[in-house]
1. Can you give me the Rg/Rh ratio for region 1-72, using Cα atoms for both radii and the Kirkwood formula for Rh?
2. Would you tally the net charge around Glu364, using a Cβ to Cβ cut-off of less than 12 Å, leaving Glu364 out, and scoring K and R as +1, D and E as -1?
3. Averaging over every viewing direction, what projected area does the convex hull of the Cα atoms of region 248-372 cover, in nm²?
4. Could you work out [θ]222 nm for the chain from helices alone, using -39500 (n - 2.57) per DSSP H run of at least four and dividing by all its residues? Round to the nearest 500 deg cm²/dmol.
5. For the ranges 135-147, 197-209, 86-98, 242-254, what's the packing order if you count other beta-carbon atoms within 10 Å of each residue, average per peptide, and put the highest first?
6. More than 15 Å apart: what percent of Cα pairs in region 257-331 qualify?
7. Working from the alpha-carbon coordinates of the chain, get Rg over Rh, Rh being the Kirkwood radius.
8. Per residue, how many Å² of accessible area does region 259-376 show with a 1.4 Å probe?
Amino acid sequence: MDFSLTDDQRLIRDTVRRFMDGEVRPTIRARDREEKFALDELRKIGELGCCGMLIPESWGGSGADTISYVLMLEEVARVDAAMAVALSVTNSLGALPVLKYGSETQKRKYLPPLARGEILGAFCLTEPQAGSDSAAITTSAARDGNTYRLNGTKSWVTNGGQAGLYLVFAKTDPTAGARGVTAFLVEPSFPGFRVARYEDKMGLRTSRSAEIAFTDCEVPEGNRLGEEGQGLKIALELLDGGRVGIAAQAVGIAQGALEASVAYAKQRRAFGKTISDFQAIQWMLADMQTEIEAARGLVHNAAWMRDTGAQRIGAYASRAKLYAGEMVNRVVYKAVQIHGSLGYSRESDVERMYRDARVITIYEGTSEIQRMIIAKDLLSGHSVGAVDGGRA
Ligand SMILES: Cc1cc2nc3c(=O)[nH]c(=O)nc-3n(C[C@H](O)[C@H](O)[C@H](O)COP(=O)(O)OP(=O)(O)OC[C@H]3O[C@@H](n4cnc5c(N)ncnc54)[C@H](O)[C@@H]3O)c2cc1C
């Protein structure tokens, strides 16, 4: 067993860290206040190869492994969690489905610009009345000759209004339940596509979450992804991979909060000492670091499983997302506590991290949904937990 990173993995981590500390950190507080989307920063990090990390070089991507991908997301989220979710959606929910299910024409048209960061991806599953229960979506897609006409509303679409490609799930057969859902590649220029409004969020203020309305939106037959009825299978498979990225985002936010807390504890003085001299503060820091290491282990294990081509990576991704999502909320709570009143002020980074972290137990499947996936896998007898982590 070897836990060390390869030279390539270390190079990716260090390059992204330098970029985030040098080019993004100086503006993050102001951008959060102004709710300014990091378009320029995303373009630049796209040039470093971070938008199509899991896409082969032949399609314009980096051809990197999943460990490198989660290292990139961790480093981005350590400074700017909103940028990390834009990258996670573009990589995992935008480019990967085209690679896996796309026709040659679809790949040729969409993969190179996505992988190079020239366009961002978006994933449209959730609707106002259907979140966790994704089979309950009502957006419809009716065939009309060589086109489909989409009608309905999608909510909470990350990168909404900024993306160049939207993966939209709609019912081609409303009587077939989960088997009646089909996936479509939709460009914002298609007639009948409209960004209806933006959400006013607690955190991730620089990331756009849009409601998208489809009114007789015309989608050519050639933009159907996969077969009719295959949509929900595609969506759930993508979310298995996406969750590893969201878990890495959690580890990154927590790492950023820990680093800020250690620096503050070493310089803030009370009762004639620095607060880092108090055992109460030391124990909080020790618990934060220990939990971050545990979550990072789960994330790397799930990423490694994906790279080995293992079946059923869903439960590994869910365990990483469940633990990391709950962990980061405990960590940012302590980070604010260590900063005292400064932690409650928008002058501190941990105040933003506290707001940004909250969503991680909600999106790409709530903690309750992760527990359902884990329990189903456990009770089916697959991974009761052996010394090898049930990898066999
Ligand atoms: C910032 C942000 C970005 C997002 N980005 C996207 C995106 O890009 N694309 C997209 O499609 N969606 C996106 N979402 C939507 C997100 O995936 C959903 O919010 C999430 O799936 C939960 O759905 P819901 O909000 O409707 O909650 P609900 O499903 O209504 O759940 C409400 C509560 O009930 C619980 N619950 C539901 N069912 C069960 C059950 N069977 N057993 C136990 N408890 C249950 C939930 O865990 C939760 O606590 C985003 C959301 C946010 C906040």
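1. Details: Rg = 14.1 Å, Rh = 13.5 Å.
My calculation puts Rg/Rh at 1.05.
2. Working: positive: Arg243, Lys321; negative: Asp240.
Charge balance near Glu364 sits at +1.
3. Numbers: hull surface 31.8 nm².
Projected area, direction-averaged: 7.9 nm².
4. On the way: 12 runs with 186 residues, N = 392.
Value at 222 nm, helices only: -15500 deg cm²/dmol.
5. Details: 135-147: 15.6, 197-209: 18.4, 86-98: 27.2, 242-254: 30.8.
Going by the mean number of other Cβ atoms within 10 Å, highest first, we get 242-254, 86-98, 197-209, 135-147.
6. Numbers: 1700 of 2775 pairs.
Counting every Cα pair in region 257-331, those more than 15 Å apart make up 61 percent.
7. Result for the chain is an Rg/Rh of 0.98.
8. Details: 5950 Å² over 118 residues.
With all protein chains present, region 259-376 gives 50 Å² per residue.
The values are calculated or read from the model by the stated rules, or taken from the named source; none is laboratory data. Not measured: the values here are computed from a predicted model. Reconstructed Cβ throughout: ideal geometry from the backbone, glycine too, with neighbour counts over all protein chains shown. Ligands, DNA and RNA are stripped out before the accessible areas are found, and what is left, the full protein with its side chains, is counted by its heavy atoms. Shrake-Rupley method; radii C 1.70, N 1.55, O 1.52, S 1.80 Å.
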